[in-house]
Amino acid sequence: MNRPFGMLAELTYACPLHCPYCSNPLNLADYHEELTMAEWQRVLTEARALGVLQLHLSGGEPLQRRDLVELVASARELGLYTNLITSALGLSPRRAEQLKTAGLDHVQISIQADEPALSDRIAGTPSYGRKIAAVRLVKELGWPLTLNVVLHRHNIDRIGRILDLAEELGADRIELANTQYYGWAWHNRAALLPSRAQLDQAEAVVRTARQRLERKMQIIYVIPDYYSQYPKPCMGGWGQQQLTVTPNGDVLPCPAAHTLKLPRATVREHSLAWIWEESPLFQRFRGTEWMPEPCRICERREVDFGGCRCQAFQLTGDAARTDPVCHLSPDHRVVAEAVEAANAGAEPIAPGRLVPRTSTARRVETMEVYLPARKSRRFSHRYDACQDDKNSDYYSPTDSLESPGDVP
Ligand code: SF4
Ligand code: FES
């Protein structure tokens, strides 16, 4: 059996941002009983013993954990390579110095767009200025810096300017990742999925930038799998290389696996080694034995592992089916229809409604999103902001998005 080499530690789901593509669970209130520092230290020790080398500290916003510096120091003592994935809100000069002293190896900062007003609107809070200040701080302290940008219908036309900004800021690496449709992004899919014309244009810009910046900045471009012929080899295979620990101690083969109807595994009841090696959750889709046709007889079954289990579940209601992104899947039409809808009509960007990620529910706010690539147009997007605090109330009565269980 493979050993995991990477662990994503989701330290908290608390977050000052409200990105409508957030992959965090919708039922955030179920995760308030966060692991203590002592519990995390045990988990890290067990992870290292299990073979984990890279620790990715994420959330929500990991800087919201006051004991983050202590956690980083513990991880470094164990010999783990530590990577902080952050919005950078809360990365004060003092905190940054402390993290540097504790041995933090690498920082990834998310930006929503190159243009302050749009970035703030997508983030759902004024944040652009603080992010840029934090980026400069990270460079001053000598950390290797990755900028993370989630691409979607509202910012993908600005990809050239986003790359210019990354160059100007001295990023060593930029990850331009088209939205993956889990969590909040799933509920906002109709408003986020770009058109084929937008993607073609973005890919051309990336190709040119890669040539120009070859020696200066690494550019990772994650294509949107809805437009691919074959699915992504999600997580490098279920329970093969990576694991995720959520704020309350649940252990998952991928960050979205909490959506599947599978037995739970938690570090509060079992060791990490037992969970990795023996738990029904990690064994369920390991290898190729579980596969249905057409995957079972397909020559790509050990290349993409039948795609993504969470996406299969989301799109068909059955996690054991072939990922519908695959053009060979009997369910491929559900993806084809979503793509068709994203490309329908004369208007390349249709007005859509975005539900911002939040841990709270109730009040409905309306915000305007200016789409700069269509200079002469202004589309109004209602943000049904959910303020305090019943998770069952995420959807306002007027909400036009599909309900959680619907197959689009
Ligand atoms: Fe991959 Fe299954 Fe499609 Fe073959 S049939 S390409 S294994 S998803
Ligand atoms: Fe869970 Fe792909 S996100 S298997």
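Numbers for the structure displayed
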item: Charge context of residue 123, other residues only, Cβ under 11 angstrom, K/R +1, D/E -1; result: +3
item: Förster radius 45 Å - calculated FRET efficiency between residue 136 and residue 341 (Cβ-Cβ, nearest 0.05); result: 0.65
item: Projected-area mean, the range 252-330, by convex hull of Cα positions, square nanometres; result: 5.3
item: Dipole magnitude of the range 1-156 about its Cα centre (Cβ charges: Lys, Arg +1; Asp, Glu -1), debye to nearest 20; result: 380
item: Radius of gyration and Dmax over the Cα atoms of the chain, both given in Å; result: 20.7, 58
item: Note, ³J(HN,Hα) from phi for the range 175-190, Karplus 6.51, -1.76, 1.60, rounded to Hz, x at Gly and Pro; result: 9, 9, 10, 4, 3, 9, 8, 10, x, 5, 4, 4, 6, 10, 4, 4
item: Net lengthening on full extension, residue 200/residue 94 (0.36 nm per residue, minus Cα-Cα); result: 33.8 nm
item: Under Karplus coefficients 6.51, -1.76 and 1.60, residue-wise ³J(HN,Hα) of the range 240-249 in Hz, glycine/proline x; result: 10, 9, 9, 9, 10, 10, 8, x, 9, x
item: Estimated dipole of the range 1-77 in Debye, rounded to 20 [Cβ of Lys and Arg +1, of Asp and Glu -1, Cα centre]; result: 300
item: Positive minus negative residues near residue 307 (Lys, Arg vs Asp, Glu; Cβ under 12 Å); result: +1
item: Computed lengthening from residue 213 to residue 274, 0.36 nm per intervening residue step minus Cα-Cα distance; result: 17.4 nm
item: Greater than 24 Å apart at Cα, pairs in 100/232; 139/232; 139/216; result: 100/232; 139/232
item: Computed label-point distance, nm, for sites residue 261 and residue 320 using a 7 Å Cα→Cβ extension; result: 1.2
item: Inter-site label distance for residue 101 and residue 45 at 7 Å from Cα along Cβ, in nm; result: 2.5
item: The chain, helix-only ellipticity at 222 nm - DSSP H runs n ≥ 4, -39,500 (n - 2.57), divided by all residues, nearest 500; result: -8500 deg cm²/dmol
item: Theoretical gain in end-to-end length, residue 67 to residue 173 [0.36 nm per residue, Cα-Cα removed]; result: 35.4 nm
item: Over the chain, relative contact order from alpha-carbon pairs under 8 Å, at least 6 apart, %; result: 18
item: Dipole in debye (nearest 20) - the chain, about Cα centre, beta carbon charges: Lys, Arg +1; Asp, Glu -1; result: 840
item: Descending Cα extents along the principal axes, the range 25-67, whole Å; result: 32, 19, 19
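Only the coordinates and a few stated rules stand behind these numbers; no lab work does. This one's a predicted model, so the numbers in the text were calculated from it and none came from an experiment. Cβ atoms come from the backbone with ideal geometry, glycine included; neighbour counts cover every protein chain shown.
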